[in-house]
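Notes for the one structure printed next.
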Amino acid sequence: MPVNYQAILGIVMPFCDSSTVSAIMKTCRALHSEGISFLLAHGVVMEDERDIKSFIAFARAEGGRRLAYLKELTVTAPSLSRPIATALSLFLSQYANLLIIETLRIDHADTHVVTLEVSESGATSAKFLRALDSKLEHAELNMIPPSPDEDRPDGPQDYNCIKLLQHSQNTLTRLSGSAFELMTPWETPTYSQVYPHVEKLCLYNNDGPVTIVYAHAFPNTRFFRYDTSAADMEVIGTSFEEHVLVRNMNIIQQIELNSPWRDLEACHASLIDLFLLGLQCHVRRLHVMGNFMQPSHLRTVMMDTTPEYMCLQGYDVNILTKGLTNTMKQPYAQQLRALEVVLMVGGVLGPAAVDMPRVVEGILDMLRPLKIRSFGLFIVCCLAPPRRLRNSSLCPAERYLADLDIDAFALRIKDTTPTLQSVVVVMRMHRARPDTTVTIGADVEYGPDAVEAIALQSALMYLSLPPLYPEAGGFE
């Protein structure tokens, strides 16, 4: 009876060490493929740069499919050169969707890891972060919202960046992330952890707004971005009374606990979030994200934050109401030195609901009461029909914009108020005319870091965005 040595070696491999498995794999093609799972079953240890280069070459074979068998990865290399560190970083980013590691060990992490980015972080990643003794300077943590049946022995702490990064309290300067759970009981509204060097704080898809938590944990924040998750907004509700309740709680806590936030350089948030946060400090540059607009909310936010620059960003033309004009007539709007409006024309409204002559007059009415020195208007056309109807005739609003003399319009804007020195009007993504920019007062010199110069800088940014309709002239 002939002996099937290939079958015998296949049976033996699960009981062999890595070097023996590697030797067996070289005997034939079938065992070479079969041995991958047994070879990686013991995990991978990278002790120096040669190990890292070898691992990357090995794992890239077969399109990265070998990584499905890797469950344990250990890095003990005491130091890495920049090329090797870059190669490892690119490799991990490229094959992140195939890499499912149950155990990750990093020796000497406290001396090397300065920037940490973690996507789809959950309870397992939280254990790693709590054990990580690195002194991080920058961190980005994007959490996975837990499922109802998930075992959560540490509860919300697994999704609490303030607790997870506590080893970096004295070094962290920038933090961003999503789906954090940072709410606290009313009787103990702050954490013991404090990050005094964080200047940039971005919290996306966050749980309900608790302003004193952010101000106490990150007392020297200069740039703040905030966004409440849709699920938590549903819990808060939609009524004005419910919004006032949350807002008042935040204001009381900031006053009673002496919030360290005295002024912010910039804040980006939706109008609802700004209202709920109830910021009790000066905000030099206030970015109000659309599309919800309630003039009473805006009036309250402007009174509390007294911005020098304000941007109404991502709104459709229905914001241009008498209520908004009346808001601009009030004393708390007179400290504005610069204003920008980004109109997504037809972004929410149907084409038939867009009355462009009325929109133009609404813009001029809004500006007349102000004492601004700089104004930027960015018109983004969202009126085009579906691609299959792209060759259809222009709707009335599109025809108006196609024929609009933007130079004359910019001059009309400048004449609305005697204080205006700089005007920028940009039109983008119109399917029948090229992108257009008109600037008045480009030669006006403002001081260093002046808010009046922001509109000119924004114009360059908007023009650098990729075109929506490449077939139109001037889009390349």
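Name the residues in the range 65-83 that are within 16 Å of V45 (Cα to Cα) and either hydrophobic (A, V, I, L, M, F, W, C) or within 30 Å of the chain's Cα centre (by Cα) (or both), would you? Those that are within 16 Å of V45 (Cα to Cα) and either hydrophobic (A, V, I, L, M, F, W, C) or within 30 Å of the chain's Cα centre (by Cα) (or both): L67, L70, L73, V75, A77, L80. Evaluated against (1) in a helix (DSSP H, G or I); (2) modelled with pLDDT of 95 or more; (3) out of contact with any helix residue (DSSP H, G or I) (no Cβ under 6 Å at 6 or more places or on another chain); (4) over 18 Å from G290 (Cα atoms), I272 falls short on exactly one condition, (4). Would it be correct to say that R387 is loosely packed, with under 13 Cβ neighbours inside 10 Å, over 26 Å from Q330 (Cα atoms), of a type in the set (K, R) and without any contact (Cβ under 8 Å) to a residue 12 or more places away in the chain? Yes, satisfied.
Please work out if L324 is among the aliphatic types (A, V, I, L, M) and either without any contact (Cβ under 8 Å) to a residue 40 or more places away in the chain or surrounded by fewer than 17 Cβ atoms within 10 Å (Cβ to Cβ) (or both).
Spelling it out, it is not the case that L324 is among the aliphatic types (A, V, I, L, M) and either without any contact (Cβ under 8 Å) to a residue 40 or more places away in the chain or surrounded by fewer than 17 Cβ atoms within 10 Å (Cβ to Cβ) (or both).
Listed by first and then second residue, the pairs with beta-carbon distance under 6 Å, at least 6 apart or on different chains, first residue in the range 59-77 and among the polar types (S, T, N, Q), second not in a helix (DSSP H, G or I), are T74/V45; T74/R105; T76/E47; T76/D107. Taken over the range 187-204, residues that are touching a helix residue (DSSP H, G or I) at 6+ places or on another chain (Cβ under 8 Å) and within 26 Å of V244 (Cβ to Cβ) amount to 4.
Among the residues of the range 367-426, those that are closer than 27 Å to H287 by Cβ and among the small types (G, A, S) comprise S374, G376, A384, A397, A410, S422. Considering the conditions (1) surrounded by 11 or more Cβ atoms within 10 Å (Cβ to Cβ); (2) at pLDDT 60 or above; (3) more than 20 Å from V341 (Cβ to Cβ); (4) of a type outside the set (D, E, K, R), A453 is excluded by exactly one of them, (3).
Within the range 314-337, the set of residues being outside any loop (DSSP other than H, G, I, E, B) and among the aliphatic types (A, V, I, L, M) comprises V317, I319, L324, M328, A333. The residues on offer are E361, E340, and the sole one that is outside any loop (DSSP other than H, G, I, E, B) and free of Cβ contacts under 8 Å to residues at least 12 places away in the same chain is E361.
Conditions (1) under 27 Å from A397 (Cα atoms); (2) surrounded by fewer than 23 Cβ atoms within 10 Å (Cβ to Cβ); (3) in contact with a Pro (Cβ under 8 Å, 6 or more places away or on another chain); (4) touching a residue at least 60 places away in the same chain (Cβ under 8 Å), marked per residue:
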residue: I272; (1), (2), (3), (4): no, yes, no, no
residue: L277; (1), (2), (3), (4): no, no, yes, yes
residue: N291; (1), (2), (3), (4): yes, yes, no, no
residue: R299; (1), (2), (3), (4): no, yes, no, no
residue: D304; (1), (2), (3), (4): no, yes, no, no
residue: G314; (1), (2), (3), (4): yes, yes, no, no
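Residue count for the range 416-446, restricted to those that are in contact with a Leu (Cβ under 7 Å, 6 or more places away or on another chain) and more than 28 Å from R399 (Cα to Cα): 2.
Among the numbered conditions (1) among the small types (G, A, S); (2) modelled with pLDDT of 95 or more; (3) in contact with a helix residue (DSSP H, G or I) (Cβ under 6 Å, 6 or more places away or on another chain), the only one that A215 does not meet is (3). From the list L172, L165, L203, L245, the one residue that fits, being without any contact (Cβ under 8 Å) to a residue 60 or more places away in the chain and within 16 Å of L264 (Cβ to Cβ), is L203.
From D158, D227, D207, grab the single residue that is over 19 Å from the mean Cα position of the chain (by Cα), surrounded by 16 or more Cβ atoms within 10 Å (Cβ to Cβ) and within 19 Å of N142 (Cβ to Cβ).
D158 is the lone residue from the list that is over 19 Å from the mean Cα position of the chain (by Cα), surrounded by 16 or more Cβ atoms within 10 Å (Cβ to Cβ) and within 19 Å of N142 (Cβ to Cβ).
Which of the residues spanning the range 368-400 are in a helix (DSSP H, G or I), in contact with a helix residue (DSSP H, G or I) (Cβ under 6 Å, 6 or more places away or on another chain) and either over 24 Å from V341 (Cα atoms) or among the hydrophobic types (A, V, I, L, M, F, W, C) (or both)?
Hit for the range 368-400 is A397, nothing else.
Within the range 390-406, the set of residues being surrounded by 14 or more Cβ atoms within 10 Å (Cβ to Cβ) and closer than 30 Å to E452 by Cα comprises Y400, L401, A402, L404, I406.
Residues that are crowded, with 22+ Cβ neighbours inside 10 Å and of a type in the set (G, A, S) occur at least once in the range 363-374. Is it true that some residue in the range 334-355 is under 21 Å from V283 (Cα atoms), modelled with pLDDT under 95 and surrounded by fewer than 19 Cβ atoms within 10 Å (Cβ to Cβ)? Yes, because at least one residue in the range 334-355 is under 21 Å from V283 (Cα atoms), modelled with pLDDT under 95 and surrounded by fewer than 19 Cβ atoms within 10 Å (Cβ to Cβ). Name the pairs whose Cβ atoms lie under 6 Å apart, with the first residue in the range 136-147 and under 12 Å from S168 (Cβ atoms), the second outside any loop (DSSP other than H, G, I, E, B) and at pLDDT 80 or above, and 6 or more positions between them or separate chains? Listed pairs, sorted by first residue: L136/S168; H138/R174; A139/L175; L141/C161; L141/G177. Residues in the range 45-78 that are under 19 Å from Q94 (Cα atoms) and assigned to a loop (DSSP other than H, G, I, E, B): 2 in all.
The values are calculated or read from the model by the stated rules, or taken from the named source; none is laboratory data. Computed from a predicted model, the values in this text were never measured in an experiment. Don't worry about glycine lacking a Cβ; one is built from the backbone with ideal geometry, like all the others, and counts go over all protein chains shown.
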